[in-house]
Amino acid sequence: MRKVFSVGAIIMMAGVAAAGSQKVSVEVSSVKKVHRPAHRVVAPAANNASAARSHQLLCSLRRSERIDKMLNEIVNQTLSMVRTINKEDVAVSLIELCPQDGGGPALGHVHGEQMFYASGLARLPYAAALYSARGNLTGAQRADVMASLRDGSNEATNNIIGYLRSVKGGEYANWYLSSIGMKNFNVNQRFIAGDPSPADAARLGRKLDMNYENSNRLTANQSASLFYLLAYDALVSPAASQAMKAYMHHPLEQKKIGVLAGIADGLPVGSEIITLNGYTVRNYNEAALIKLPNGRQYVLSVMTKYNGYPTVFIPLLSRTIAFRMMTSTGSEDPALHTYIPARAR
């Protein structure tokens with residue numbers, strides 16, 4: 001079945017995972033739940049069918065031992081090249097949309113169930129929550145979503161948060177993610193540069209070394225799953241998904257410019273990328289929907305934290321994954337921890 005990956009409308013029709021496949025959860029059960037101030041939450045009146053479809057797609061996502069082993073090998077290899085970041089400080093999730101081993105979309109991860117400071121990745125849940133709450137956006141709201149997702153504007157993101165708080169309550173974005181089956185995360189904080197205001201400080205709670213006890217947090221699996229839903233036009237609605245993908249689409253060669261080029265920097269010429277990132281002085285996160293020149297399509301989500309300066313971990317990781325996707329024949333032995341090309345055996 002032909003698939004189209006284009007700006008503004010990406011149509012990917014595929015069946016659910018094969019019967020009997022192992023299912024993967026995008027939930028986190030081992031992380032202590034942070035304190036959240038009580039706020040009213042007003043649920044949308046007519047989004048049950050949309051949330052049910054999103055939840056069904058997430059439940060159909062298979063967990064792949066083959067992808068786990070491949071990703072663990074690539075992460076170890078990349079860390080050995082970077083040498084300035086520890087394995088416990090990275091989380092990587094990879095979803096193959098059309099795996100060569102058959103079956104439906106499949107996920108593998110390294111630390112993908114651990115919550116990290118979300119930074120800019122929280123922009124997507126906020127945008128999705130706005131579409132869920134509002135449906136048809138006003139011109140000003142569309143402009144804010146575009147500036148938030150395309151340009152990384154904190155002001156535009158906070159406008160979205162302010163609207164949600166005024167009409168739906170401070171926990172509405174959390175409620176939306178819960179409605180599609182996710183657990184243990186937090187997206188209820190404004191984007192703040194500098195010291196928080198008294199009101200923001202009350203929401204954030206106790207100051208920690210890297211952020212606050214109630215800061216925005218997600219897992220790599222959760223951010224990857226949101227892009228997976230986007231791939232199937234199933235995040236809120238087809239129209240909302242297509243709009244959000246259009247805002248996050250970037251010409252590859254333009255996206256490769258800069259010290260934080262990230263996932264795009266590792267992709268070959270001819271690739272297409274829809275991506276969202278976020279960074280602070282202590283972390284860099286990125287999630288992307290990718291189509292390679294050979295037609296392979298996948299979602300990659302990477303979250304990192306560091307004590308010193310940003311590293312080249314993400315572009316090096318992306319380059320190795322893309323190379324493997326471009327050269328794999330699907331006949332590699334998944335029992336091998338380290339991939340050995342046929343001629344080297």
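The values are calculated or read from the model by the stated rules, or taken from the named source; none is laboratory data. Being a predicted model, the structure only gives us computed values, none of them experimental. Here Cβ is always computed from backbone atoms with ideal geometry, including for glycine, and neighbour counts include all displayed protein chains.
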Residue list for segment 166-219, restricted to those being aliphatic (A, V, I, L, M), more than 20 Å from Glu155 (Cα to Cα) and in contact with a helix residue (DSSP H, G or I) (Cβ under 7 Å, 6 or more places away or on another chain):
Leu177, Ile180, Met182, Leu218
Given (1) under 15 Å from the mean Cα position of the chain (by Cα); (2) of a type outside the set (Phe, Trp, Tyr); (3) surrounded by 24 or more Cβ atoms within 10 Å (Cβ to Cβ), Ser132 misses just (1)
Could you figure out which of (1) touching a helix residue (DSSP H, G or I) at 6+ places or on another chain (Cβ under 7 Å); (2) crowded, with 19+ Cβ neighbours inside 10 Å isn't true of Ala231?
(1)
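Sort out which residues of segment 210-220 are in a loop (DSSP other than H, G, I, E, B), at pLDDT 70 or above and not hydroxyl-bearing (Ser, Thr, Tyr), and write them in order of number.
Of all residues in segment 210-220, those in a loop (DSSP other than H, G, I, E, B) come to 210-211, 213-216.
Next cut, at pLDDT 70 or above only: 211, 214-216.
Across segment 210-220, the qualifying residues are Asn211, Asn214, Asn216.
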Test: Val90 is at pLDDT 95 or above, buried (at least 19 other Cβ atoms within 10 Å of the Cβ), in contact with a His (Cβ under 7 Å, 6 or more places away or on another chain) and over 26 Å from Tyr176 (Cβ atoms)
yes
For segment 156-194, enumerate the residues that are hydrophobic (A, V, I, L, M, F, W, C), at pLDDT 95 or above and closer than 16 Å to Ala140 by Cβ.
Ala156, Ile160, Ile161, Leu164
Failed criterion for Asp200 (all others in (1) assigned to a helix (DSSP H, G or I); (2) of a type in the set (Asp, Glu); (3) crowded, with 19+ Cβ neighbours inside 10 Å hold)
(3)
Quick test for you: out of Ala239, Ala193, Ala234, pick the one residue that is of a type in the set (Gly, Ala, Ser) and outside any loop (DSSP other than H, G, I, E, B).
Ala239
Segment 258-285 - residue that is among the β-branched types (Val, Ile, Thr) and under 25 Å from Ala243 (Cβ atoms) and, of those, surrounded by the fewest Cβ atoms within 10 Å (Cβ to Cβ):
Thr275
Taking first residues from segment 66-84 that are farther than 15 Å from Gly112 by Cβ and second residues anywhere that are surrounded by fewer than 16 Cβ atoms within 10 Å (Cβ to Cβ), the pairs with Cβ under 6 Å that are 6 or more apart or on different chains are Arg66/Pro334; Glu73/Thr338; Leu79/Lys87
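Quick check on Ala52: is it at pLDDT below 95, under 21 Å from the mean Cα position of the chain (by Cα), in a helix (DSSP H, G or I) and among the hydrophobic types (A, V, I, L, M, F, W, C)?
Working: at pLDDT below 95: yes; under 21 Å from the mean Cα position of the chain (by Cα): yes; in a helix (DSSP H, G or I): yes; among the hydrophobic types (A, V, I, L, M, F, W, C): yes.
Yes.
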Residue check, Gln114 against (1) farther than 19 Å from Asn285 by Cα; (2) out of contact with any Leu (no Cβ under 9 Å at 6 or more places or on another chain); (3) not acidic (Asp, Glu), all met but one. Which one?
(1)
Consider Leu164 carefully, then state whether it is surrounded by 19 or more Cβ atoms within 10 Å (Cβ to Cβ), in contact with a Phe, Trp or Tyr (Cβ under 8 Å, 6 or more places away or on another chain) and part of a helix (DSSP H, G or I).
yes
Name the single residue that is nearest to Ala128 (Cα to Cα) among those in segment 246-288 being of a type in the set (Val, Ile, Thr) and in a loop (DSSP other than H, G, I, E, B).
Thr280
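Please note which strands (runs of 3 or more DSSP E) are completely contained in segment 85-134 and include at least 2 residues that are in contact (Cβ under 8 Å) with a residue 40 or more places away in the chain and among the small types (Gly, Ala, Ser). It would help to see each step written out before you state the result.
Values: elements: 90-96, 106-110, 115-117.
Hits in segment 85-134: 90-96, 106-110.
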